[in-house]
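Undergrad: One structure, as structure tokens, below. Some questions next.
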Amino acid sequence: MTPAQRRALEGLSARYAIPFAEAPLDPLAVFGRKAPLVLEIGSGMGETTTAIAKADPATDFIAIEVHAPGVGSLLNRIAADQLANLRVIQHDAVEVLQRMIPDGALAGIHLFFPDPWPKKRHHKRRLVQPAFAALTARKLAPGATLHAATDWQDYAEQMLAVLSAEPLLENTAAGFAPRPPQRPLTKFERRGVKLGHEVRDLVFRRR
Ligand SMILES: C[S@@+](CC[C@H](N)C(=O)[O-])C[C@H]1O[C@@H](n2cnc3c(N)ncnc32)[C@H](O)[C@@H]1O
């Protein structure tokens with residue numbers, strides 16, 4: 001962790017982080033308004049998160065990330081840009097969804113370049129599994145979308161199979177989706193492209 005990230009965690013959390021709680025989140029208390037709420041799972045260093053939140057001030061965003069340096073980096077970005085519509089929770093995203101997000105509460109979920117766990121014996125650690133698809137689908141409002149992206153071909157295929165099999169979700173495309181213009185390039189994506197990996201987007205709508 002860099003000194004700046006540590007300082008951010010110590011000095012900016014009270015203002016811009018939401019503590020994990022075993023109780024439903026009150027977006028009105030957090031953002032001081034009622035607006036569509038989008039959750040990002042695994043925001044990493046927060047570059048995409050910040051760019052998307054800046055470009056869409058009418059929507060509120062909550063980033064969830066377990067990795068402390070990433071949270072510190074995102075806190076610094078929120079403070080630097082004085083973003084009123086972006087907050088962060090440092091906790092496991094599955095527990096946040098289960099405990100803090102009421103069913104049907106979300107206008108969208110973003111899952112960009114989740115850890116690929118490339119070794120076959122580690123595939124069970126991948127986030128996108130049937131139970132995760134069911135959980136995320138339940139948290140979306142009808143018509144809201146789950147947008148995932150990955151540069152790992154076999155994970156992309158797994159996502160497509162798992163999300164297609166979830167009865168509450170319908171694919172907005174015939175297979176992989178065209179890249180939605182609001183998703184900017186991330187460092188992981190640039191690295192993946194350099195390695196010759198093709199990036200796949202998936203956009204599924206809650207029925
Ligand atoms: C490969 S990185 C991608 C980061 C970012 N989305 C991007 O595109 O640059 C995946 C991130 O997901 C986070 N992560 C993995 N499992 C998580 C979980 N269960 N809850 C919250 N964050 C998680 C990791 O700490 C890591 O920062």
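The values are calculated or read from the model by the stated rules, or taken from the named source; none is laboratory data. These figures come from a predicted structure and were not determined experimentally. Because the Cβ atoms are built from the backbone with ideal geometry, glycine has one as well, and the counts that use them run over all protein chains shown. These area figures cover heavy atoms from the full protein model, side chains too; ligands, DNA and RNA do not enter into them. Shrake-Rupley method; radii C 1.70, N 1.55, O 1.52, S 1.80 Å.
Undergrad: Condition first: over 10 Å from the mean Cα position of the chain (by Cα) and either open to solvent by 40 Å² or more (accessible area, probe 1.4 Å) or within 11 Å of the ligand (Cβ to nearest atom) (or both). Now tell me which residues in region 33-45 satisfy that.
TA: 33, 34, 36, 45
Undergrad: Right, something else. With 150, 136 as the choices, which residue is within 16 Å of the ligand (Cβ to nearest atom), in contact with a Leu (Cβ under 7 Å, 6 or more places away or on another chain) and hydroxyl-bearing (Ser, Thr, Tyr)?
TA: Of the residues listed, the single one that is within 16 Å of the ligand (Cβ to nearest atom), in contact with a Leu (Cβ under 7 Å, 6 or more places away or on another chain) and hydroxyl-bearing (Ser, Thr, Tyr) is 136.
Undergrad: Residues 152, 117: which one is closer than 19 Å to residue 94 by Cα and among the aromatic types (Phe, Trp, Tyr)?
TA: The match here is 117.
Undergrad: If a residue has to be open to solvent by less than 40 Å² (accessible area, probe 1.4 Å), of a type in the set (Gly, Ala, Ser) and either in contact (Cβ under 8 Å) with a residue 40 or more places away in the chain or not in a loop (DSSP other than H, G, I, E, B) (or both) to count, how many in region 151-173 make the cut?
TA: Of the residues in region 151-173, 1 are open to solvent by less than 40 Å² (accessible area, probe 1.4 Å), of a type in the set (Gly, Ala, Ser) and either in contact (Cβ under 8 Å) with a residue 40 or more places away in the chain or not in a loop (DSSP other than H, G, I, E, B) (or both).
Undergrad: Restricting to region 174-194, count the residues that are assigned to a loop (DSSP other than H, G, I, E, B) and over 16 Å from residue 115 (Cα atoms).
TA: Residues flagged as assigned to a loop (DSSP other than H, G, I, E, B) and over 16 Å from residue 115 (Cα atoms) within region 174-194 amount to 11.
Undergrad: Same structure, new question: Starting from residues that are among the polar types (S, T, N, Q) and either within 19 Å of residue 42 (Cβ to Cβ) or open to solvent by 30 Å² or more (accessible area, probe 1.4 Å) (or both), keep the ones in region 74-120 and report whichever is nearest to the ligand (Cβ to nearest atom).
TA: Among them, the one singled out is 90.
Undergrad: With the checklist (1) touching a residue at least 40 places away in the same chain (Cβ under 8 Å); (2) among the basic types (Lys, Arg); (3) closer than 25 Å to residue 9 by Cα in hand, flag the one item residue 139 doesn't pass.
TA: Unmet condition: (3).
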